[in-house]
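Novice: Questions regarding the structure given below will be posed in turn.
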Amino acid sequence: MLPAVGLTELFDILAQHMVAMLRLGAFLLASPVFGGRFVPLPVRIVATSVIAVPVVMHAPMPDPDLISDLRFVPVALAELAIGLVAGLVLTILFSAAAIAGDRIASTAGLGFAAQFDPAAGGQTPVVSQIFGLVLLSVFIGTDGHLIAIRLILESYQFLPIGSALNARVLVAAGLDAAENMFALGAAIMMPVVSVLLLLNIVIGVLTRSAPQLNVFSFGFPVTMAATVLLIYAFAPGLVASFDALVQQGLVNMADLLGSLKDG
């Protein structure tokens, strides 16, 4: 006899699969790389469906009767909140690269050199876009995206669906991520910005002592050339800073899920 699945059992399996997709789908929607506008919506849906298969097979799932009840609405909202906050923690920290690039561009006088960024949905400086692409390359190259997905999958074991959710932990995780974002952004931009600040002071003194040296004809080309050379010289340090940023984001994400486990 061939094994068969009744229609009722099939609907129960599909309902549990949809529930498993809530946390994963919210995370992929809010996280970097997966949540970018350059990733088509069908790709996200298929990826969420495929990743949710082992969750249904190994993680404790709620009873199908509870899923069809109104009592499951708070549970679904809690699942969405966990996934969204976990993804936003990474996204907020990754914004440190954009902040650093924006400050470097403003200090170098390249703030006007902006173009449309499909990921941000608006005009951003070219330096910020370059930093963002390098950060995503480091994130993928160091398997950070796989570690983030693994953290979400492991959270189903110690934080099963239907667990009590502490909203204060979610808020505190967002505030900590914002604090780390500004600190890491300052650390990334400080070497280049410090040298450019000294260079601007020198150019200001020269143009003051020699008025024939026009600021735009002399200072601007020098600042632009110095910015390119500084970014090239500090490239290894920038990549190391981006790697530390990725590690900090994963640590914050793990701390968030662990804090939710402890209540």
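The values are calculated or read from the model by the stated rules, or taken from the named source; none is laboratory data. What you see is a predicted model; the values in this text were computed from it and never measured. Neighbour counts run over all protein chains shown; Cβ positions are idealised from the backbone, glycine included.
Novice: Give me a count of the residues in segment 213-235 that are polar (S, T, N, Q) and at pLDDT below 75.
Specialist: The number of residues fulfilling the criteria is 2.
Novice: Quick one: in segment 163-199, of everything that is of a type in the set (G, A, S) and surrounded by 19 or more Cβ atoms within 10 Å (Cβ to Cβ), which residue is farthest from I231 (Cα to Cα)?
Specialist: A173
Novice: Could you check segment 74-121 and list, in sequence order, the residues that are charged (D, E, K, R) and modelled with pLDDT of 80 or more?
Specialist: So in segment 74-121, the residues charged (D, E, K, R) come out as 79, 102-103, 117.
Within segment 74-121, E79, D102, R103 qualify.
Novice: Next up: With (1) modelled with pLDDT under 85; (2) buried (at least 18 other Cβ atoms within 10 Å of the Cβ); (3) among the hydrophobic types (A, V, I, L, M, F, W, C) as the list, and A210 as the residue in question, which single condition is left unmet?
Specialist: (2)
Novice: Mind checking which residues of segment 20-68 are within 26 Å of the chain's Cα centre (by Cα) and hydroxyl-bearing (S, T, Y)?
Specialist: Residues satisfying the conditions are S31, T48, S49.
Novice: Just the residues that are over 21 Å from the mean Cα position of the chain (by Cα) and modelled with pLDDT of 85 or more, please, taken from segment 236-263. Reasoning before the result, please.
Specialist: Within segment 236-263, the first condition is being over 21 Å from the mean Cα position of the chain (by Cα), and the residues that meet it are 236, 261-263.
Once the filter is applied, which keeps residues that are over 21 Å from the mean Cα position of the chain (by Cα) and modelled with pLDDT of 85 or more, segment 236-263 yields only P236.
Novice: Hey, does segment 4-18 have a residue that's at pLDDT 85 or above and either surrounded by 13 or more Cβ atoms within 10 Å (Cβ to Cβ) or β-branched (V, I, T) (or both)?
Specialist: Checked segment 4-18: at least one residue is at pLDDT 85 or above and either surrounded by 13 or more Cβ atoms within 10 Å (Cβ to Cβ) or β-branched (V, I, T) (or both).
Novice: Out of G83, G109, report the one residue that is surrounded by 12 or more Cβ atoms within 10 Å (Cβ to Cβ) and either farther than 30 Å from F11 by Cα or among the polar types (S, T, N, Q) (or both).
Specialist: Result of the check over G83, G109: G109.
Here's the yes/no breakdown for (1) in a helix (DSSP H, G or I); (2) at pLDDT 85 or above:
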residue: H145; (1), (2): yes, yes
residue: S163; (1), (2): no, no
residue: V171; (1), (2): yes, yes
residue: M181; (1), (2): yes, yes
residue: A186; (1), (2): yes, yes
residue: M189; (1), (2): yes, yes
residue: I203; (1), (2): yes, no
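Novice: Cβ-Cβ below 7 Å, separation at least six or inter-chain, first residue in segment 112-139 and surrounded by 20 or more Cβ atoms within 10 Å (Cβ to Cβ), second modelled with pLDDT of 85 or more and of a type in the set (S, T, Y): which pairs?
Specialist: If the second residue must be modelled with pLDDT of 85 or more and of a type in the set (S, T, Y), no pairs are left.
Novice: Would you call I152 among the β-branched types (V, I, T), in contact with a Lys or Arg (Cβ under 8 Å, 6 or more places away or on another chain) and surrounded by 12 or more Cβ atoms within 10 Å (Cβ to Cβ)?
Specialist: Here the answer is yes, as I152 does meet what is asked.
Novice: Right, something else. What is the one condition in (1) under 21 Å from G258 (Cα atoms); (2) assigned to a loop (DSSP other than H, G, I, E, B) that F34 does not satisfy?
Specialist: That leaves (1) as the condition not met.
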